[in-house]
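Down below is the structure, laid out as structure tokens.
The values are calculated or read from the model by the stated rules, or taken from the named source; none is laboratory data. As the structure is a prediction and not an experimental result, all values here were calculated from the model. Here the Cβ positions follow ideal geometry from the backbone for every residue, glycine too, while neighbour counts run over all protein chains shown. Only protein heavy atoms, including side chains, enter the accessible area calculation; ligands, DNA and RNA are left aside. Shrake-Rupley method; radii C 1.70, N 1.55, O 1.52, S 1.80 Å.
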Amino acid sequence: MSTPSPIPAAAQAAASEHCGRGLVFIEVTDRRGSAVWKAAGPKGTAALKVGRGEGVEITAREAAALAALAADYFVSGGVTHGAAWLITDWLEGPSTWEVFAPVRADGTGREQALAAAADLCAAVASLHAAGWVHADLQPSHGIHTTSGVKLIDLAWAWRPGWDQGTEFNGGMTHLLSPELAAAILTGEKPVAVTAAAEVYALAGTVWTCATGTWPLDYEAAGINPKTCTPHELRQHIATGRVPVTADRPWPELQDVLLPVLLADPANRPTAGELGKMLESL
Ligand SMILES: Nc1ncnc2c1ncn2[C@@H]1O[C@H](COP(=O)(O)OP(=O)(O)O)[C@@H](O)[C@H]1O
Ligand SMILES: [Mg+2]
């Protein structure tokens, strides 16, 4: 059991201003230098993220990105006494992973899942249209609300010219396109995350939601992902020779996603085009 990270007074005050006095904090996650609580009070609910140690810079950058993007769910953020914090409206709704739960369980709920996948693509497409990439897309980072998909965990969100920090390593390793894995291995900063690399992660996210496993079949390539370091995994991914898993629980959907995972970056569809392809299934 980890010790719950304390909430800085300034963050408590900001949460209280937004949610009302007498609010309660419920811990959601606590990992890798940052913790998230759900704050609930008489005036509303919010998500409070607090970064400490190496998480200070990352959390501060996430708050700055939310502000730069004018995200309608961003409330406030700050840095205080060795901690950075940010408050967003609590987004009501399932993550993409959760929307796909019936699909993974028994193949039901496909219509809803396809609509959700298309909505996720639309949210990514509009981020790209604004000149940004999320750079850490994952099954849990799209929240499907009644007013569309909201992308969370924007710590690595980037546009050319934006401070990326020194710790960026491509976001979720299992969803790294080969060319992005190769770019990270060079050690050069900033790592230019292209919309095409993000479309790979987007297709990989939907693949993972549908199948329950990451897209690449490491074992088939003689790789044990549990004993590999992330650096070694990136080296394998960068070769482009790790095959995609052979499991086809939803062939029609996977027939759309597979070519995206296999294509050269220049031949991948845009996020918007991928969304349209999913919609027409
Ligand atoms: N605004 C929000 N609304 C609802 N849930 C949220 C919100 N922000 C974070 N969460 C929840 O907290 C979890 C962790 O948040 P995330 O920003 O991904 O932090 P981490 O850096 O720990 O991955 C998310 O997967 C989600 O369940
Ligand atoms: Mg996250």
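Amide H neighbours of GLY77 under 5 Å, at least 5 residues apart or on other chains, H built in the peptide plane: list them.
ILE87
For the chain, what is the mean residue ellipticity at 222 nm derived from helices alone (per DSSP H run of n ≥ 4: -39500 (n - 2.57); sum divided by total residues; nearest 500 deg cm²/dmol)?
Estimated from H runs of four or more residues: -12000 deg cm²/dmol.
What lysines does LYS276 reach when the alpha-carbon gap must be under 30 Å and sequence neighbours fewer than 8 apart in one chain are set aside?
Counting by Cα, and skipping residues close in sequence, LYS276 has these lysines nearby: LYS150.
Which order do ILE26, ILE7 take when ranked by solvent-accessible area (1.4 Å probe, heavy atoms of all protein chains), largest first?
ILE26, ILE7
Which one, GLY22, GLY33, GLY171, has the greatest fluctuation when you compute a Gaussian network model over the chain with C-alpha springs under 10 angstrom?
GLY22
At 1.4 Å probe size, with the rest of the protein present, what percent of the exposed accessible area of the chain is carbon and sulfur atoms?
Looking at the chain in its full context, I get 55 percent from C and S.
Could you identify which residue out of PRO160, PRO215, PRO178 has the top mean-square fluctuation in a GNM of the chain using Cα springs shorter than 10 Å?
It is PRO160.
Output wanted: per-residue J couplings in Hz (rounded whole) for segment 138-145, from phi through Karplus 6.51 cos²θ - 1.76 cosθ + 1.60, θ = phi - 60°, x for Gly and Pro.
Those phi angles translate into 7, x, 9, 9, x, 10, 8, 9 Hz.
Taking the full set of protein chains and a 1.4 angstrom probe, give the accessible area of ARG31 in square angstrom, rounded to the nearest 10.
My reading of the accessible area for ARG31 is about 120 Å².
Once you've got the GNM for the chain with C-alpha springs shorter than 10 Å, pick whichever of ALA246, ALA63, ALA183 has the biggest mean-square fluctuation.
Top of the fluctuation ranking is ALA246.
Applying the Karplus parametrisation 6.51 cos²θ - 1.76 cosθ + 1.60 with θ = phi - 60° to the phi angles of segment 94-104, what ³J(HN,Hα) value in whole Hz is obtained for each residue in order, glycine and proline being reported as x?
Karplus-based 3J(HN,Hα) across segment 94-104 equals x, 6, 4, 4, 5, 4, 7, 4, x, 4, 6 Hz.
So what are the ³J(HN,Hα) numbers for segment 56-64, from phi and the Karplus equation (6.51, -1.76, 1.60; θ = phi - 60°), rounded to whole Hz, Gly and Pro as x?
Karplus values, whole Hz, x for Gly and Pro: 4, 5, 5, 5, 5, 5, 4, 4, 5.
I want the local charge near GLU27. Using Cβ-Cβ distances under 12 Å, sum +1 for each Lys or Arg and -1 for each Asp or Glu among the other residues.
So the environment of GLU27 carries a net charge of +2.
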